[in-house]
Amino acid sequence: MFVTCAALVIGYIKRKGGARSDVVIGLFWSLGMALGILFVALMPGYPPDMSSYLFGSILSVTRADIYLMLGLTLLVMLVVIMLFNYWKAYLFDEEFVAIMGINTAFLEYLLLLLIAMTVVVLIRVVGIILVLALLTAAAAVAGILASSLKSRMIHAIIWGNAFCISGLWVSYQANIASGASIVIISVIGYLFSYVVHSLYCTLKRKRITAALSRSVP
């Protein structure tokens, strides 16, 4: 409930108040962390272990959580497929989409709600602190390897699943926290793809320069 309200408030402040979304998101992220610690401190009896909430624990994932993840995955895929062209136009030029009569506020609020629900579900696996890295690493790798929006989304899904499966395998073999292993592998994957892509672009520029120099009489 809190993340739903926070997503709507973030969208409202961004649209009506003119504030930058990253600033508002950072403020509400800090507020959520502070409220969580406060409520845990006010709980009667022995306080629960905070490490599973901060860094995640695959052992804490129940069958109901798996069904929730599956349902949310299907919901996100359905919404993205139905509204793909609208979101593509909205992300490219919001003012033009508004002139065309499309409700840009609905698209933005819906996108924030889907992100908020995804974050809540991922917290069960990777924890509060590491969830941001998992969300951004796969998208960053996709941005390096693909050019169009559709191909980037497909790459992000593939790499996100690959990072999660690899991280869970390493976590099981090394007996370490699942969230930490997933995020470490995600960051390593991003750095590796960045270095390889940079080297490829450098070699490509050198080939083009050499070809042009040979063609000049």
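The values are calculated or read from the model by the stated rules, or taken from the named source; none is laboratory data. Predicted model only: the values in this text are computed from it and were never measured. When we count neighbours, we look across all protein chains shown, and the Cβ atoms used for this are built from the backbone with ideal geometry, even at glycine.
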**Q.** Per-region count, region 176-207, residues over 20 Å from Leu145 (Cα atoms), among the hydroxyl-bearing types (Ser, Thr, Tyr) and modelled with pLDDT of 80 or more
**A.** 1
Q) With (1) surrounded by fewer than 18 Cβ atoms within 10 Å (Cβ to Cβ); (2) within 18 Å of the chain's Cα centre (by Cα) as the list, and Ile182 as the residue in question, which single condition is left unmet? A) (1)
Q.
Among (1) surrounded by 13 or more Cβ atoms within 10 Å (Cβ to Cβ); (2) at pLDDT below 90; (3) more than 24 Å from Ser60 (Cα to Cα), there is one condition Pro217 misses while meeting the rest; what is its number?
A. (1)
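If we scan region 151-173, do we find a residue that is more than 25 Å from Lys16 (Cβ to Cβ), among the basic types (Lys, Arg), surrounded by fewer than 17 Cβ atoms within 10 Å (Cβ to Cβ) and out of contact with any Asp or Glu (no Cβ under 8 Å at 6 or more places or on another chain)?
no
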Q | All helices (runs of 4 or more DSSP H) inside region 39-138 with 3 or more residues being surrounded by 13 or more Cβ atoms within 10 Å (Cβ to Cβ) and modelled with pLDDT of 80 or more | A | 63-82, 84-92
Q: Output the number of residues of region 152-194 satisfying the condition of being without any contact (Cβ under 8 Å) to a residue 40 or more places away in the chain and not in a helix (DSSP H, G or I).
A: 2
Q) Picking from Ala156, Ala105, Ala162, Ala139, which residue would you name as being farther than 15 Å from Val76 by Cβ and in contact with a helix residue (DSSP H, G or I) (Cβ under 7 Å, 6 or more places away or on another chain)? A) Ala105
